[in-house]
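What follows is a short report on a single structure.
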Amino acid sequence: MLNLYEGVRTNPGYNKLEIGDFLFAEYTCGVGDEKLGLWTHTDYLVNVVTGKKTWHTAEGVWRANPGETLFFKKGAAIVEQHFEVDFCLLMFFIPDDLVRSTVREIAGSLVAAPAGIATIKSAVRVENDTALSAFFQSMRTYFAGKEKPSEPLVRLKVKELIVSILTSGRNPALAVYFRLLGDGTLPSVVGIMEENFRFNLSLEEYARLCHRSLSSFKRDFQTSFQEAPGKWLLRKRLDYSAALLRTSKMNVTEIAFESGFEDVSHFSREHFARCLPTEFFPRRLTLTVKSLNLAAKHGLSIFRIMLPAITTRDDDANANTPTRSAVFASLSACCESGHIRCPSEELVDNLSELSHVYARYMNLTGLINECACLKVRTAARALTRFYDDAFRPVGLRATQLSVLVAVAFGEAVSIASLSRLLGMDRSTLTRNLKPLEAKGLVSLGPEGRHRSRTLSITSKGDQLVRTALPIWEKTQQTLREELKKPHWMNLHAELDHVIKSADAL
């Protein structure tokens, strides 16, 4: 996931003010992804100028239209972008220390908070008033000016905004949150982890989210949860994904993404290592002693997969065939835990259903472990993340750089020819072109014959490509050293062979 604060701070394409520990920016869509995972270790306020945007947090969905303002706590979210119109928002990252010092400075003059007002969990919609409108107007004036405002002046403006929220009564939930910040010193590990375990963040990122070093985070986490953070995260994500498997209509890929797993193979590996597959099929299993006897005659290969707890065997029994009593004991334990429903021994024989479920499970694991398409796409996603991270300082993604280079190489190319060159369908290409065109990196010519339009790179785009190429060369070298020479030499040849073979089918 992208650290929004660092992404905005290091992107030269954004109009921004960075003064001390403050960061204010005029933010536009810089990527072509329809959905993007973001996190930030700082609270932030957004005011939408044009377009619209949707944030998916752990607590719900937040949509913002022109003129609307939202406040987001430090944490993670999936941001859905809409490309119908150009998007622009004003973004203000507000440090905890400033809120804390402001609250403590005026604590004596604050009236008691109204009873029954709950603080915000992940976000809140902010009601605009005169003070808020004046703050946005003054900050836009600073953006438009040539001289950078002084840090004391900006600090005073933000303090005025905080005091207005604390005293106006128009945003009581946000005011309560500011008061809680004033009472504490560090963010709550429990609150942040409970609100953000569903997002795929590293322990280092969780530590920064909690404003702690990694060692301090692990120590405070152990004190709060009596468990290591890695184990706790896995358990929480498995529990959440299990609930989605039972109750939602999402597919496995969507559930893996929604639950915070790195990819589908990681999700499936962890899930089926700890849970009975039968628990998540629509029909529950009903078994009798008769079916257990029949299963024992067939070596209980099915039960060896479905009931891994079976270990007890009679001394004179075949080592590969647990006795009926051992199987039934394990089955009873599973029934007590709710994995399999077996209300009585007077049930129909259901071994055929068990075989069917087992076959579906084996087909699923076969697809995960052996599917060439899945492995290639997983590798492509891993490499894309690696290159995206490298290009982030210049505000590009790997796909966008490929498009820019292809346009620059062809000087003036049609969308159709560019689509063929990149092996990308036209809808995906068009989606990637929109932010590039909006930032003035490419220009789209007028319609010519057969309603075709040509693309050309602008001087700004050409300069950005020249800036990005050294980064690309360094990234290539890093990957080459990681893969070692034999693997690097074979990589391109094997990929070319796969592409040629797939096209020939």
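The values are calculated or read from the model by the stated rules, or taken from the named source; none is laboratory data. In this text the structure is predicted, and so the values were computed from the model without any measurement. Every residue, glycine among them, receives a Cβ derived from its backbone with ideal geometry; neighbour counts consider all protein chains shown.
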From the list Lys53, Lys73, Lys35, which residue is in the same structural domain as Pro152 (by TED's automatic domain parsing) and more than 23 Å from Tyr206 (Cβ to Cβ)? Lys53
For residues that are part of a helix (DSSP H, G or I) and either touching an Asp or Glu at 6+ places or on another chain (Cβ under 8 Å) or among the small types (Gly, Ala, Ser) (or both), scanning just the range 452-505, find the one that is nearest to Met424 (Cα to Cα). Ala502
Based on this model, can you work out whether Ser188 counts as surrounded by 13 or more Cβ atoms within 10 Å (Cβ to Cβ) and free of Cβ contacts under 8 Å to residues at least 60 places away in the same chain? yes
Among residues of the range 381-422, those that are crowded, with 16+ Cβ neighbours inside 10 Å and on the phi > 0 side of the Ramachandran plot, counted: 1
Positions within the range 89-111 being buried (at least 19 other Cβ atoms within 10 Å of the Cβ) and among the hydrophobic types (A, V, I, L, M, F, W, C), in sequence order: Leu89, Leu90, Met91, Phe92, Phe93, Ile94, Val99, Val103
Anything in the range 423-433 that is in contact with a Ser or Thr (Cβ under 7 Å, 6 or more places away or on another chain) and crowded, with 17+ Cβ neighbours inside 10 Å? List them, or say none. Leu429, Asn432
Mind checking which residues of the range 4-25 are closer than 19 Å to Asn47 by Cβ and among the small types (Gly, Ala, Ser)? Gly7, Ala25
Does Ala76 count as at pLDDT 90 or above, more than 24 Å from Lys157 (Cα to Cα) and of a type in the set (Gly, Ala, Ser)? yes
Of the residues that make up the range 10-23, is at least one at pLDDT 85 or above, crowded, with 16+ Cβ neighbours inside 10 Å and farther than 19 Å from Ala207 by Cα? yes
Does the range 79-96 hold any residues that are closer than 18 Å to Ala438 by Cα and at pLDDT 85 or above, and which are they? Leu90
Sort through Arg170, Arg125 and tell me the only one that's in a loop (DSSP other than H, G, I, E, B) and either in the same structural domain as His56 (by TED's automatic domain parsing) or loosely packed, with under 15 Cβ neighbours inside 10 Å (or both). Arg170
Of all helices (runs of 4 or more DSSP H) completely enclosed by the range 175-275, which ones contain at least 2 residues that are within 27 Å of Leu98 (Cα to Cα) and out of contact with any Leu (no Cβ under 8 Å at 6 or more places or on another chain)? 189-196, 203-209, 214-225
Residues that are over 22 Å from the mean Cα position of the chain (by Cα) and surrounded by fewer than 19 Cβ atoms within 10 Å (Cβ to Cβ): does the range 194-209 have at least one? no
For the range 460-496: of the residues being aliphatic (A, V, I, L, M) and within 30 Å of Ser443 (Cα to Cα), which is surrounded by the most Cβ atoms within 10 Å (Cβ to Cβ)? Leu464
Which condition breaks for Ser138 when tested against (1) farther than 30 Å from Trp232 by Cα; (2) in a loop (DSSP other than H, G, I, E, B); (3) at pLDDT 80 or above? (2)
